[in-house]
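The values are calculated or read from the model by the stated rules, or taken from the named source; none is laboratory data. Computed from a prediction, not measured in an experiment: that's the story for all the values here. As a convention, Cβ positions derive from the backbone with ideal geometry for all residues, glycine included, and neighbour counts pool all protein chains shown.
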Amino acid sequence: MNRILACRELRARAPQTALSWFSSLNISRSVHGLPFATVEAEEISGSQPAEVLNLVQGKWKKTARWNTILDPLNGEPFIKVCEVDETGIQPFVESLSKCPKHGLHNPFKAPERYLMFGDISAKAAHMLSLPKVFDFFTRLIQRVAPKSYQQASGEVYVTRKFLENFAGDQVRFLARSFGVPGNHLGQQSHGFRWPYGPVAIVTPFNFPLEIPVLQLMGALYMGNKPILKVDSKVSIVMEQMMRLLHYCGLPIEDVEFINSDGKTMNKLLLEANTRMTLFTGSSRVAEKLALDLKGRVKLEDAGFDWKILGPDVQEEDYVAWVCDQDAYACSGQKCSAQSMLFIHENWSKTSLLSKMKDLAERRNLEDLTIGPVLTVTTETMLEHKNKLLQISGSKLLFGGEPLKNHSIPPIYGAIEPTAIYVPLEEILKGNNFDLVTREIFGPFQVVTDYRSDQLPLVLDAVERMHAHLTAAVVSNDPLFLQEVIGNSVNGTTYAGLRARTTGAPQNHWFGPAGDPRGAGIGTPEAIKLVWSCHREIIYDVGPLPKQWEIPPST
Ligand SMILES: NC(=O)c1ccc[n+]([C@@H]2O[C@H](COP(=O)([O-])OP(=O)(O)OC[C@H]3O[C@@H](n4cnc5c(N)ncnc54)[C@H](O)[C@@H]3O)[C@@H](O)[C@H]2O)c1
């Protein structure tokens, strides 16, 4: 009884805005049951194509140019994306140039916006927790970046948790400052987190919701005005999410959302003179943007991620299963996917490899545990396989054949989960190294083995790789862990028996290391590093010492 009364009292005291927002969530009355959505994930098809628009200066706009996206599962032209070409970038440039370098808010300007973003995050997290909304985004992701329901829902879950983390006062805590006493009375120095002002976010196809939302919200939290460009193949997901964010209170002028090809976006970034660009994608484009934008970038680029199985053999089934998930979930299209597996010789007495093979063979197109590869064709992957097989001592462990009985269009790739063994000494040879460590963004891994006395060679290989994103050291031997961790740099490294290479939840930093341009995603530290810079204000208000006189020149 007391509890009921207390609840009633709490409700009576709740701020009107929050109450009216929650009661306005009468989802069953709106189109498709969702008050923000303009598409229905399951209904998009060749005969009922969906349209994706651009958001500029607070208005959703069409352009004359449509980019037609083919359904990755059957080749039907199922989404029409309104793309901006080089002649259409001016309204975006104008809008960004209206934002000053000191941003839309900072600790000295419109601090109430920190609170507003706390509220928006709480509401958006609540929306994503509603089963209908959760399912809508999961299925929409599956339509454009085919992966299993569980993998797609993982993205929605992480996004929701991230938004929960930055509800309430957590956004203003991101802008926490510190003070240090000065040299004399009236002097104190204070360090503040300052925005960059107009900024850009460019993201790839493989995580259509998680990467853009986490980076976009980070940019907004710190006071920036972002323009967001997601790969057109999947931008429908973020277009719908923008509508959800507006529904949850995001001012419509706060973000520009553009669909374009890479060349147009490159031109826009140069003309708009964005103060910071967060790029997630291939190293080729990352390096180009770093040059074009004179270093005003933070990069999340390619991953050629390795896993080392240590000398202590245990939990063989578990380790085999994690290897399978790391290499082949999302058809290997995670930047954190296991690209190279180093196996200590002690594992050769086990049936690890045959277990990995069995697990890989369980994957099928029906439930999308294997599926289309969106940026590498079947032909390219088979060619790569053949080149690796020419290396002396190499052999096909499993896979290596095109998928059968499917209607995936030939612009996309479709191969079985594949593993190729290459001897360690061969990997290290100058003429083989670049070939063996080439990132194939599909279900493809290289496997090798090593003896205890060859650990320095393994460490040499990981030192010579150019991408240092994720890594896993599978061992509970503290001295082995120490040796490997102390002699490597990957930014997100899992260590211990349960180590994996994939997994970018909201609760730990995810990003490359060893590069001053390296970005991060997910945590308060990542947001502060990527989306704000340091500003020091030194208060020096006096009073002057009594009898102060002008001293001699120095
Ligand atoms: N480090 C990470 O967190 C992370 C996460 C996901 C993917 N990736 C990497 O992304 C790659 C796969 O994605 P992809 O092949 O689609 O990458 P990509 O570099 O081809 O494209 C990424 C985005 O950049 C845009 N783009 C292309 N050229 C551009 C230019 N000149 N200026 C501005 N924008 C441009 C594209 O339209 C797309 O939106 C892999 O290498 C993968 O490892 C990295």
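Annotations
- Residues satisfying the stated conditions in the range 317-368, i.e. out of contact with any Asp or Glu (no Cβ under 6 Å at 6 or more places or on another chain), hydroxyl-bearing (Ser, Thr, Tyr) and crowded, with 21+ Cβ neighbours inside 10 Å: Tyr328, Ser331
- Test: Val156 is within 24 Å of Leu374 (Cβ to Cβ) and either buried (at least 18 other Cβ atoms within 10 Å of the Cβ) or at pLDDT 95 or above (or both): yes
- The criterion of at least 2 residues that are within 11 Å of the ligand (Cβ to nearest atom) and aliphatic (A, V, I, L, M) is met by the following helices (runs of 4 or more DSSP H) wholly inside the range 272-374: 283-292.
- Taking the conditions (1) assigned to a helix (DSSP H, G or I); (2) away from the ligand (no atom under 15 Å from the Cβ); (3) in contact with a strand residue (DSSP E or B) (Cβ under 7 Å, 6 or more places away or on another chain) in turn, Val530 satisfies each one other than (2).
- Top-ranked residue in the range 243-264 [being surrounded by fewer than 23 Cβ atoms within 10 Å (Cβ to Cβ) and farther than 16 Å from Met116 by Cα; ranked as farthest from the ligand (Cβ to nearest atom)]: Arg243
- Scanning the range 432-448 for residues that are crowded, with 19+ Cβ neighbours inside 10 Å and not hydroxyl-bearing (Ser, Thr, Tyr) turns up Asn432, Val436, Glu439, Ile440, Phe441, Gly442, Pro443, Phe444, Gln445, Val446, Val447.
This table checks each residue for (1) within 28 Å of Phe207 (Cα to Cα); (2) buried (at least 23 other Cβ atoms within 10 Å of the Cβ); (3) within 16 Å of the ligand (Cβ to nearest atom).
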residue: Gly430; (1), (2), (3): no, no, no
residue: Val474; (1), (2), (3): yes, yes, no
residue: Phe480; (1), (2), (3): no, no, no
residue: Asn490; (1), (2), (3): yes, yes, yes
residue: Gly514; (1), (2), (3): yes, no, yes
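- Looking across the range 216-242, the residues that are farther than 25 Å from Glu51 by Cβ and either within 13 Å of the ligand (Cβ to nearest atom) or of a type in the set (A, V, I, L, M, F, W, C) (or both) come down to Met217, Ala219, Leu220, Met222.
- Note on the range 205-263: residues that are under 24 Å from Ser129 (Cα atoms) and of a type in the set (Lys, Arg) amount to 1.
- Among the residues making up the range 444-471, those that are in contact with an Asp or Glu (Cβ under 7 Å, 6 or more places away or on another chain) and within 16 Å of the ligand (Cβ to nearest atom) are Ala467, Leu469, Thr470, Ala471.
- Any hit, the range 541-549, residues being in contact with a helix residue (DSSP H, G or I) (Cβ under 8 Å, 6 or more places away or on another chain) and in contact (Cβ under 8 Å) with a residue 24 or more places away in the chain: no
- Count of residues meeting criterion [assigned to a strand (DSSP E or B) and of a type outside the set (A, V, I, L, M, F, W, C)] in the range 515-527: 1
- Val462 within 29 Å of the chain's Cα centre (by Cα), farther than 20 Å from Thr448 by Cα and outside any strand (DSSP E or B): no
- Any pair with Cβ under 7 angstrom, 6 or more apart, that starts in the range 303-325 at a residue that is without any contact (Cβ under 8 Å) to a residue 60 or more places away in the chain and ends at one that is crowded, with 24+ Cβ neighbours inside 10 Å and among the polar types (S, T, N, Q): Cys323/Gln338
- Restricting the range 155-207 to residues that are closer than 21 Å to Glu112 by Cβ and among the hydroxyl-bearing types (Ser, Thr, Tyr) leaves a set whose member that is nearest to the ligand (Cβ to nearest atom) is Tyr196.
Okay, residues lined up against (1) under 27 Å from Arg139 (Cα atoms); (2) part of a loop (DSSP other than H, G, I, E, B):
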| residue | (1), (2) |
| --- | --- |
| Asn67 | yes, no |
| Cys82 | yes, no |
| Pro91 | no, no |
| Cys99 | no, yes |
